[in-house]
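Take a look at the structure below.
The values are calculated or read from the model by the stated rules, or taken from the named source; none is laboratory data. Values in this document were obtained by computation on a predicted structure and should not be read as measured data. No Cβ is skipped: glycine too gets one built from the backbone with ideal geometry, and neighbour counts run over all protein chains shown. Only protein heavy atoms, including side chains, enter the accessible area calculation; ligands, DNA and RNA are left aside. Shrake-Rupley method; radii C 1.70, N 1.55, O 1.52, S 1.80 Å.
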Amino acid sequence: MDITLDKKASNVASIKVKLNEADYQSKVADKIKDYGKKAQIKGFRAGKVPKSLIEKMYGKSILVEEINHLVGHAIQDYIRENDLKILGEPLPNQQQIESVDWDTQTDFEFEYNVGLVDEFALALDKKIKVTSYTITADDKVLDESIDNVRAQFGKMTNPEVSEEGDLLYGTLKQENGDIENDTTIDPSDFTKTNAKKFVGKKSGDEIKVNLKKLFKDDAQVASHLGKTADEVADLDDAFVFVVKNINRKEVAELDQELFDKTFGPNTVSTADEFRTKVKETIEANYARETDAFLNKTIQDELIKVTKINLPDEFLKEWLKVTGEGKVTDADIENEYEIYADQLRWNLISSQIAKENELKPEHADIQEATRAMIAQQFAGSGMGQFAEQMDSFVEHYLKGENGQNYMKMAEQVQEAKVMELIKEKIEIKSKEVDVEKFKDIVQN
């Protein structure tokens, strides 16, 4: 067997594999012999099928299978032994494969195209400048958040007469037909004119409605009637809504019950402490958002200043082949730059990790998993889960056949890389309000 590398550019090459009969003959003969022992063919006892018949029936498929297996392993071994840094996977020259005459050829040559990682220079210094944003929760945001919490944990009551904001449960009856269905209506979704029809009503009251004008589309009409969209497409939409019950959610009082439901038992005990804790929570959430935006900004800046020459045409072809017919040329053209930037970042991150010997240690992975689970439990009273945390962490990391462990390891490594980058570059801090930060993110 002869394997050679033909470098066509700094980031594109082909690996050529030449085989002669001696390279594969013994393996093919062994496989034919093995087939003969196992083959169940009518008219022959097991293990007594003539070799010539096995060769006639299975010889070509065995030859193709063994050569593909041999060439595939040879390519991977060559890449590993020569430390080739490839992108994607080797792509076979399909035209060449289709020209092979498996019936008569004894010598074969196969060519695989590969994309290579081109050398690139990475400089982490104070010349790279980014801005980190800090958001402080003002009184308006704080009041809105507390109102939302009180509404979330509010109690449902059933007043006699409806007011704006109430939900009404009742029966929709067709005026000139036999369609009838019980449903709950939320007038806040309607136009002001239609919503007013549902104010000041009590159980037993009837409200005439036009379903097509009341609801936005056929899907909503169908949902309230227990029908499909097709069934209501040509419906006579004159209906009556007969009120059965009024549901009103009253906001929760600022008391210990609300404090415990929001932050866990005995975390806060006064309205002032509750307000302070809500403010801390909001700002912690904002901090996660701004930190994520800072990380993305750093990625974008490093991608911009680090010149990485990718084998674009090879990668587009590789994406199309691996898409197995589900990805069109248009899809690739529209999304390639997103993919290419992510690939560039992966190369940058990997090089930083390698140069600085950054590795995700097992203890770091456990701690990151612990923090992730704790965040999921936030607001549920972490104290009651503390003794079980080690078990939760172990169970999660063993899940998905080890994929969860690999995912957390990648996250830990990424965090280590980002932490090092932040130490090397210049980061300016700037305080902004929520609306200003939204504008920055959107632009």
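Checked against the criteria, THR131 counts as modelled with pLDDT of 95 or more, among the polar types (S, T, N, Q) and open to solvent by less than 60 Å² (accessible area, probe 1.4 Å). What single numbered condition from (1) in contact with a Phe, Trp or Tyr (Cβ under 6 Å, 6 or more places away or on another chain); (2) closer than 30 Å to ASP272 by Cα; (3) among the hydrophobic types (A, V, I, L, M, F, W, C) fails to hold for LEU254? Just one mismatch for LEU254, condition (1). Out of ARG344, ARG370, one residue alone is part of a helix (DSSP H, G or I) and open to solvent by 70 Å² or more (accessible area, probe 1.4 Å). It is ARG370. Scanning for something touching a residue at least 60 places away in the same chain (Cβ under 8 Å), over 30 Å from VAL441 (Cα atoms) and open to solvent by 60 Å² or more (accessible area, probe 1.4 Å), does the range 318-335 turn up at least one residue? Among the residues of the range 318-335, at least one is touching a residue at least 60 places away in the same chain (Cβ under 8 Å), over 30 Å from VAL441 (Cα atoms) and open to solvent by 60 Å² or more (accessible area, probe 1.4 Å), which makes the answer yes.
Could you please let me know if ASN401 is within 21 Å of the chain's Cα centre (by Cα), without any contact (Cβ under 8 Å) to a residue 24 or more places away in the chain, under 25 Å from ILE86 (Cα atoms) and outside any strand (DSSP E or B)? Considered against the rule, which asks whether it is within 21 Å of the chain's Cα centre (by Cα), without any contact (Cβ under 8 Å) to a residue 24 or more places away in the chain, under 25 Å from ILE86 (Cα atoms) and outside any strand (DSSP E or B), ASN401 comes out as no. Applying the criterion of being more than 16 Å from ASN247 (Cα to Cα) and at pLDDT below 95 to the residues of the range 181-195, the residue that is nearest to the chain's Cα centre (by Cα) is PHE190.
Listed here are the residues, each with its yes/no results for (1) hydroxyl-bearing (Ser, Thr, Tyr); (2) touching a Lys or Arg at 6+ places or on another chain (Cβ under 7 Å); (3) under 27 Å from GLU423 (Cα atoms).
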| position | (1), (2), (3) |
| --- | --- |
| GLU119 | no, no, yes |
| LYS127 | no, no, yes |
| VAL130 | no, no, yes |
| ASP138 | no, no, no |
| LEU142 | no, yes, no |
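In the range 32-53, the residues that are open to solvent by 100 Å² or more (accessible area, probe 1.4 Å) reach residues that are assigned to a loop (DSSP other than H, G, I, E, B) and of a type in the set (Gly, Ala, Ser) with C-beta atoms within less than 6 angstrom, at least six apart or across chains, in these pairs: LYS37/GLY47.
Remark: ILE3 falls outside the filter, which requires a residue to be at pLDDT 95 or above, touching a Ser or Thr at 6+ places or on another chain (Cβ under 8 Å) and outside any helix (DSSP H, G or I). Only residues that are under 17 Å from ASN346 (Cα atoms) and of a type in the set (D, E, K, R) were counted across the range 286-306, and they come to 4.
For GLU324, the requirement of being out of contact with any Cys (no Cβ under 6 Å at 6 or more places or on another chain), farther than 30 Å from THR136 by Cβ and of a type in the set (D, E, K, R) is met. Mind checking which residues of the range 153-178 are without any contact (Cβ under 8 Å) to a residue 60 or more places away in the chain and surrounded by 11 or more Cβ atoms within 10 Å (Cβ to Cβ)? GLU164, GLY177, listed by residue number. Only a single criterion out of (1) in a strand (DSSP E or B); (2) out of contact with any Ser or Thr (no Cβ under 6 Å at 6 or more places or on another chain); (3) within 30 Å of PHE120 (Cβ to Cβ) is not satisfied by TYR78, namely (1).
Condition check ((1) open to solvent by 70 Å² or more (accessible area, probe 1.4 Å); (2) not in a helix (DSSP H, G or I)) across all residues:
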residue: ILE246; (1), (2): no, yes
residue: LEU258; (1), (2): no, no
residue: LYS261; (1), (2): yes, no
residue: GLU273; (1), (2): yes, no
residue: THR281; (1), (2): no, no
residue: ALA292; (1), (2): no, no
residue: ILE298; (1), (2): no, no
residue: ILE308; (1), (2): no, yes
residue: LYS316; (1), (2): no, no
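Of everything listed in (1) closer than 30 Å to ILE185 by Cα; (2) of a type in the set (Gly, Ala, Ser); (3) open to solvent by less than 70 Å² (accessible area, probe 1.4 Å), the single unmet condition for SER223 is (3).
Filtered by the rule that a residue be touching a Lys or Arg at 6+ places or on another chain (Cβ under 8 Å), touching a residue at least 60 places away in the same chain (Cβ under 8 Å) and not aromatic (Phe, Trp, Tyr), the range 236-252 gives ALA238, VAL240, VAL242, VAL243, ILE246, LYS249, GLU250, VAL251, ALA252.
Annotation: ALA137 fulfils all but one of (1) under 29 Å from ASN285 (Cα atoms); (2) surrounded by fewer than 16 Cβ atoms within 10 Å (Cβ to Cβ); the unmet one is (2).
When you look at GLU21, is it in contact (Cβ under 8 Å) with a residue 12 or more places away in the chain, touching a Lys or Arg at 6+ places or on another chain (Cβ under 6 Å) and of a type outside the set (Ser, Thr, Tyr), yes or no? So GLU21 fails the test. Residues of the range 351-363 that are open to solvent by less than 100 Å² (accessible area, probe 1.4 Å) and closer than 27 Å to GLU394 by Cα: ALA353, LEU358, PRO360, HIS362, ALA363. The set of residues in the range 75-113 that are farther than 18 Å from VAL64 by Cα, surrounded by 14 or more Cβ atoms within 10 Å (Cβ to Cβ) and over 32 Å from the mean Cα position of the chain (by Cα) contains only TYR78.
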